[in-house]
Amino acid sequence: MHYGGKIIAGLVIFLALVSLPFWFNLGSAAYKQPQVELPKNEKNCIESKEYMRAHHMQLLNEWRDWALRDGERTYINSKGKEFTISLQKTCLRCHTSKEKFCDKCHQDAGVTPYCWDCHVPPKEAK
Amino acid sequence: MKQSRRNFLKFAGISAAGLCLTPAAGALASGKAHPIVNKAHLKAKRWAMVIDTRKLNTKEQIEKLADACHHWHNVPKIPTNQDIKWLWDASYSESFPEQENNHMAEELEERRFPLLCNHCEHPPCVRVCPTKATFQRADHIVAMDYHRCIGCRYCMAACPFGARSFNFMDPRLHLDMDNLNMKFPTRMRGVVEKCNFCVEKLAEGELPVCVTKSEGAIVFGDLTDPNSPVREVLRKDFTIRRKPELGTEPGVYYII
Ligand code: SF4
Ligand code: SF4
């Protein structure tokens, strides 16, 4: 055990470094969920809020294959209601601001989906 | 409980089955949600187009159709050889190079011919696409899935009709962004695009843009249905197709 002192010192430095981010954030405000702007003229999304929050990306992925590859462009939701499968014609018709809705969470989560390289978002009111 | 090989396998099986179930359970809690084909969808076993070049043969006429098509599909006009085209015009010898004769009728030599993707029966573009971004639908429309296109341009090399265009730059730089068709997406840099026989219109029960705009010079219908409008005109008039010797079996016919 004649290296004991060095090992313990090393461990302490290592732990301090690893936990650095926690020390930095100590005392700063807790994470708040971003405040997204909800559609004004529509109460319900195509599926429940919780489902959309967690799964909208999977759903959009399924939508694109159904519409484009299988030619199935009508979505029957879990309650039996019909919707047109289209990002532009359905989703973005209610969510009229990409900045105040989509971007809010994407920026927080640090993700940059490239949907809008092709799909045209509604014009932002200046 | 005694650990035995038999027990182990039993539980391994159950947990494996559980693994298979998880994604499905995640997909939608109730599991009832599903897609269907639009009720109004126009269906066919093999879509085809017949263009009457006796009626439709000037640059202006074809440009009018191309403008309508390009506007609907947000196709940019780029004033260089990097332009994108879904529908364009060409001379007889450019359109039917191996069916050219000496001393042709002057009127024929002056005619312009509307060209577009032929939605071939045996499309070489589909055969070479490594990602299946370009694929043939059950109704024989050769469609593009821009999400999958990696821009390798094999399809451009394979298409003997020059029907495909490559987006060398962001097309939005050359689109009037205030005047986009919000019902159709644009493309991004680095993908190949072409005419899609207006699948998005057929899905809603409407005919392709150029067909509706052509004032009867273009007919569209199911080639396998003897009573369809395309078969009716094919019965009446002599037609040719582009480069038939290649065996791609184009779905676009020209009345000369
Ligand atoms: S015309 Fe060209 S792009 Fe169109 S289906 Fe035939 S080979 Fe493919
Ligand atoms: S069928 Fe549709 S996409 Fe093709 S040329 Fe005509 S209008 Fe354009």
Scope the stretch B:156-190; condition of a type in the set (D, E, K, R) and away from ligand 1 (no atom under 16 Å from the Cβ); matching residues: B:Asp170, B:Arg172, B:Asp176, B:Asp178, B:Lys183, B:Arg189
Subset of the stretch A:57-78 (residues that are closer than 17 Å to B:Ala40 by Cα and free of Cβ contacts under 8 Å to residues at least 12 places away in the same chain): A:Leu68, A:Asp70, A:Gly71, A:Thr74, A:Ile76
Filter result for A:Lys43 (in a helix (DSSP H, G or I) and over 16 Å from the mean Cα position of the chain (by Cα)): no
Residue check for B:Leu87: in contact with a Phe, Trp or Tyr (Cβ under 8 Å, 6 or more places away or on another chain), under 30 Å from B:Ile150 (Cα atoms) and within 16 Å of ligand 2 (Cβ to nearest atom): no
Residue among B:Pro244, B:Pro250 that alone is touching a Pro at 6+ places or on another chain (Cβ under 9 Å), without any contact (Cβ under 8 Å) to a residue 60 or more places away in the chain and within 15 Å of ligand 1 (Cβ to nearest atom): B:Pro244
Flag if B:Cys149 is part of a helix (DSSP H, G or I) and either in contact with a strand residue (DSSP E or B) (Cβ under 7 Å, 6 or more places away or on another chain) or modelled with pLDDT under 95 (or both): no
One residue from A:Cys105, A:Cys91 being surrounded by 15 or more Cβ atoms within 10 Å (Cβ to Cβ), more than 8 Å from chain B (Cβ to nearest Cβ) and either on the phi > 0 side of the Ramachandran plot or part of a helix (DSSP H, G or I) (or both): A:Cys91
Counted residues, the stretch B:212-231 - those being crowded, with 20+ Cβ neighbours inside 10 Å, β-branched (Val, Ile, Thr) and either within 16 Å of ligand 1 (Cβ to nearest atom) or closer than 26 Å to B:Met177 by Cα (or both): 0
Total residues in the stretch A:31-66, condition small (Gly, Ala, Ser) and under 19 Å from A:Ser86 (Cβ atoms): 0
Extreme residue, surrounded by the most Cβ atoms within 10 Å (Cβ to Cβ), among residues of the stretch B:69-89 that are in contact (Cβ under 8 Å) with a residue 24 or more places away in the chain and among the β-branched types (Val, Ile, Thr): B:Val75
Residue in the stretch B:144-151 that is of a type outside the set (Val, Ile, Thr), more than 14 Å from chain A (Cβ to nearest Cβ), within 14 Å of ligand 2 (Cβ to nearest atom) and within 24 Å of B:His174 (Cα to Cα) present: no
Counted residues, the stretch B:186-211 - those being closer than 19 Å to B:Thr134 by Cα and more than 14 Å from ligand 2 (Cβ to nearest atom): 6
Out of B:Glu200, B:Glu193, sole residue that is within 30 Å of B:Asn38 (Cβ to Cβ), within 16 Å of ligand 1 (Cβ to nearest atom), acidic (Asp, Glu) and within 14 Å of another protein chain (Cβ to nearest Cβ): B:Glu193
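The values are calculated or read from the model by the stated rules, or taken from the named source; none is laboratory data. Please read all numbers here as calculations on a predicted model, not as lab measurements. Cβ coordinates were reconstructed from backbone atoms using ideal geometry, including for glycine residues, and neighbour counts include every protein chain displayed.
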